[in-house]
Amino acid sequence: MIPETMQAAVLTGFGGPEVLELRTVAVPRPGDGEVLVRVAAAALNNTDLWTRRGAYGLPGDPDALAGWRGPVAFPRIQGGDVAGEVVAAGAGGDAARVGERVLVDPAFYDGPGPDASPVGLLGSEADGGFAEYVVVAADRAHDVSASPLGDDELACLPVAYGTAAGVLARGRVGADETVLVTGASGGVGLAAVQLAVARGARVVALTAPGKDDVLREAGAAAVVHRGPDPEAVAAAAADAAGAALDAVVDVVGGPLLPALLTRVRDGGRWVIAGAIGGASVALDLRRLYLHNVALVGSSMHTPAHFAGLVADAVAGLVDPLVAARHDLAAIHTAQDEFARAERVGKIVVTP
Ligand SMILES: NC(=O)c1ccc[n+]([C@@H]2O[C@H](COP(=O)([O-])OP(=O)(O)OC[C@H]3O[C@@H](n4cnc5c(N)ncnc54)[C@H](OP(=O)(O)O)[C@@H]3O)[C@@H](O)[C@H]2O)c1
């Protein structure tokens, strides 16, 4: 029996924690080609905070309040990472799917096909999973009935592991390569460490002090600590790598980029998937083109990347780390904890 109303964390505009309100709202109804998913667990991501703050800027106006694709239609239920169960199918939908355990691909794509680009995100361009129920396109709800992972663990995967899978593919990170991962203890970073190790790469993890053990357990061959002096961090990273880096998986950006770029080998790749340490950098372009280094931007994943991730989840080949679990009603506590960045792994809320 599907109720008429549900609890949801609703974003009412750009701003501080006060614009995120717990409300009773109508349970959405699935339309053609859609299913209704009862949320079992939903994980937090950095994008929840940046979207709430409107921190993405706009082309030509870096300080404009904006979501990652520009305007956000409020009120909006955030939450891009959803694991749950199909409880209803829209008109003409496949009723046989009711009861199926699913992992939701949070991306909206610019077209059909396995290599389509993401142009929207569940919880930003449509209502997401910080609620008891969410409507998603039926073909974005992937069957994970056979996965050995629990709901909390599955919820850690879509944005962080999806983004990491996209970064590694776009950066062509391969076996026997040495790759530096920044923000290595965070959601995307830890996923990138695990997935790069699984691909046979040698990983140097850049992180805050005190997180070495978890990163080594995740497979990092070496751990380097971040600090206030980018030149010193770059030198330590180069030391740990032992030779020029084949690739850098970077969710931090900022002043480390120009400092460390010279430690990337000729023909190497630097993939940017975040800017948590600074969105603007001064770059000597000669250090880029004279060495055929590719600077690659990477946003989320393609349908093919996500299908690979689902296959890994079903086969139990990924090992997401749940750092903390809160009731949906404690969303503010969960976001505070997330913003402190002291944890290793993901924070999950359950309705
Ligand atoms: N491109 C995409 O599609 C995509 C998708 C998801 C997220 N992102 C972006 O990727 C970044 C990370 O997201 P996330 O969800 O993984 O966040 P997260 O879980 O909070 O991880 C961020 C990590 O960055 C490090 N860090 C935090 N503040 C820092 C600072 N001032 N300077 C240097 N390092 C700092 C910390 O790791 P250590 O202590 O280990 O250094 C922290 O755990 C964000 O910028 C986010 O917007 C992009």
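The values are calculated or read from the model by the stated rules, or taken from the named source; none is laboratory data. These numbers come from a predicted model, not from an experiment. In this analysis, Cβ positions are derived from the backbone assuming ideal geometry, glycine residues included, and neighbour counts consider all displayed protein chains.
Here are the numbers:
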| read-out | value |
| --- | --- |
| Considering residues of the stretch 194-222 that are among the aliphatic types (A, V, I, L, M) and near the ligand (Cβ under 10 Å from one of its atoms) only, the residue surrounded by the fewest Cβ atoms within 10 Å (Cβ to Cβ) | A208 |
| Residue count for the stretch 180-196, restricted to those that are touching a strand residue (DSSP E or B) at 6+ places or on another chain (Cβ under 6 Å) and at pLDDT 95 or above | 8 |
| Residues that are within 25 Å of the chain's Cα centre (by Cα) and part of a loop (DSSP other than H, G, I, E, B), drawn from the stretch 236-274 | V251, V252, G253, G254, P255, A273, G274 |
| Pairs where the first residue, in the stretch 270-287, is more than 19 Å from P59 (Cβ to Cβ) and at pLDDT 95 or above and the second is more than 9 Å from the ligand (Cβ to nearest atom) and among the acidic types (D, E), C-beta under 6 Å, 6+ apart | none |
| Evaluation of L121 against (1) buried (at least 20 other Cβ atoms within 10 Å of the Cβ); (2) modelled with pLDDT of 95 or more; (3) closer than 21 Å to A220 by Cα (one fails), failing number | (3) |
| Complete set of residues in the stretch 294-322 that are among the hydrophobic types (A, V, I, L, M, F, W, C), within 16 Å of the ligand (Cβ to nearest atom) and surrounded by fewer than 19 Cβ atoms within 10 Å (Cβ to Cβ) | L295, V296, A304, L321, V322 |
| Among (1) out of contact with any Pro (no Cβ under 8 Å at 6 or more places or on another chain); (2) surrounded by 13 or more Cβ atoms within 10 Å (Cβ to Cβ); (3) touching a residue at least 24 places away in the same chain (Cβ under 8 Å) - the single one T333 does not satisfy | (3) |
| Residue match in the stretch 35-49 (condition: part of a loop (DSSP other than H, G, I, E, B), assigned by TED's automatic domain parsing to the domain that holds F14 and more than 28 Å from L321 (Cα to Cα)) | no |
